[in-house]
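The values are calculated or read from the model by the stated rules, or taken from the named source; none is laboratory data. Note that the structure is predicted; figures quoted are calculated from it, not measured. Note that each Cβ is placed from the backbone with ideal geometry, even for glycine, and that neighbours are counted across all protein chains shown. Surface areas here come from the heavy atoms of the whole protein model, side chains and all, with no ligands, DNA or RNA. Shrake-Rupley method; radii C 1.70, N 1.55, O 1.52, S 1.80 Å.
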Amino acid sequence: MPLQELLRPDQILPSEPLKNHTSFRIGGPADLLVLPENAKELAEVLECLQSGKERFMVIGNGSNLLFSDLGFRGTVIKIAKNMSLASHQGVFLEASAGISLAALAAKALSLGLTGLEFASGIPGTLGGAIFMNAGAYGGEMKDVVAEASVITPDGARSLNASDLKFGYRHSALSDSGDIVASAKLKLAPGDKEEISRKMDDLNSRRRDKQPLDLPSAGSTFKRPEGHFAGKLIMDAGLRGFSCGGAQVSQKHCGFVVNKGGASAKDVLELIKRVQDEVEKQFGVFLETEIKIVPEK
Ligand SMILES: Cc1cc2nc3c(=O)[nH]c(=O)nc-3n(C[C@H](O)[C@H](O)[C@H](O)COP(=O)(O)OP(=O)(O)OC[C@H]3O[C@@H](n4cnc5c(N)ncnc54)[C@H](O)[C@@H]3O)c2cc1C
């Protein structure tokens, strides 16, 4: 069935600028961007694209992505606010993949459930965070995910935490291509005031350390074993180093920021210069944490 028969016209956006869907504010147009509103629509959209052998990719809040200046040839399926219902039963919190971690953490707080405090300031969705095994301040998604409902080319399946094979900023989903439709988290009963204090504390530490006033995709590089990417970059003398509109943040050298009008080309050039200089000076290769998405 064609997409036009599966979704309303306002759920299908042709030639949609991806810079409007990424925290970097970078990216040319996608041929199509579609906004399914529930797991059934998502499954139908995927079936339609797969049967037509069309190129597609899924995004959440686009907070870990660098799209090309030429955009994306194919269809981008966005799973964010458009798919964000949540419910709970005892210590289990279940939600659609597009809910933001901030909203989910706020829900946990309102229910007096502890375990998601680490995630309240990460600007991703539940699906993107499971894909990446997002983490901060000693917590990671792997600590709280009990089950994920995914859509595979062979239909819907439920994966438990061990099926998801969580590692550092990695899960089995990056190899399988399975798409998270919803997930169930296991939290623990806690004290609302304590949970709230912890969230406030972590968020103020984030505001102190991170350049939240400028568009970015978070930490540009993974943490190399035995080192911190930001410190290596700072020690290499690259604080504030720029290529076009892309800059090594003055506030936190582990972040590349868009100081205004940066292109993907600027960011890629800056990443390469940083990698080369750090490798030359310290013999450490900095692998990117952000996902670089080619035009085709
Ligand atoms: C200011 C800032 C601070 C940040 N701080 C942190 C931090 O402390 N810790 C941390 O880990 N990250 C951090 N990040 C990075 C980012 O927020 C996380 O990686 C987050 O998990 C990405 O979620 P997203 O929904 O934005 O995913 P996207 O960026 O949209 O996508 C990331 C990957 O996930 C895949 N994906 C998205 N949704 C789904 C789905 N439903 N099913 C299957 N795959 C999916 C995409 O295909 C893509 O490969 C930060 C980013 C910013 C801008």
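Of all residues being more than 8 Å from the ligand (Cβ to nearest atom) and hydrophobic (A, V, I, L, M, F, W, C) in the stretch 142-152, which is nearest to SER120 (Cα to Cα)? Just the residue, please.
VAL144
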Item to check | Looking only at the stretch 178-206, and only at residues there that are of a type in the set (Lys, Arg) and within 11 Å of the ligand (Cβ to nearest atom), the one that is most open to solvent (accessible area, probe 1.4 Å) | outcome: ARG205
Checklist outcome for this item: Those residues of the stretch 110-125 which are surrounded by 20 or more Cβ atoms within 10 Å (Cβ to Cβ) and among the aliphatic types (A, V, I, L, M) amount to LEU113, LEU116, ALA119, ILE122
Item to check | Matching residues, the stretch 233-248, being outside any loop (DSSP other than H, G, I, E, B) and either open to solvent by 20 Å² or more (accessible area, probe 1.4 Å) or over 16 Å from GLU269 (Cα atoms) (or both) | outcome: MET234, ASP235, SER242, GLN247
Checklist entry - Can you name the condition, by its number, that GLY218 falls short on among (1) outside any loop (DSSP other than H, G, I, E, B); (2) surrounded by fewer than 15 Cβ atoms within 10 Å (Cβ to Cβ)? => result (2)
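Which of the following residues is near the ligand (Cβ under 9 Å from one of its atoms) and either within 23 Å of GLN210 (Cα to Cα) or surrounded by fewer than 17 Cβ atoms within 10 Å (Cβ to Cβ) (or both): GLY128, GLY167, GLY155, GLY139?
Unique residue meeting the criteria: GLY128.
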Item to check | Selection within the stretch 229-248 - among the small types (Gly, Ala, Ser) and more than 12 Å from VAL278 (Cα to Cα) | outcome: GLY240, SER242, GLY244, GLY245, ALA246
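Residue-by-condition table, conditions (1) touching a residue at least 40 places away in the same chain (Cβ under 8 Å); (2) over 27 Å from LEU268 (Cβ atoms):
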| residue | (1), (2) |
| --- | --- |
| GLY138 | no, yes |
| VAL144 | yes, yes |
| THR152 | no, yes |
| ARG157 | no, yes |
| ASP191 | yes, yes |
| ASP200 | no, yes |
| GLN210 | yes, no |
Checklist entry - Just wondering, is there one or more residues in the stretch 165-172 that are modelled with pLDDT of 95 or more and over 17 Å from the mean Cα position of the chain (by Cα)? => result yes
Checklist entry - Which strands (runs of 3 or more DSSP E) does the stretch 1-90 wholly contain that include 3 or more residues that are more than 23 Å from LYS259 (Cα to Cα) and open to solvent by less than 10 Å² (accessible area, probe 1.4 Å)? => result 29-34, 72-78
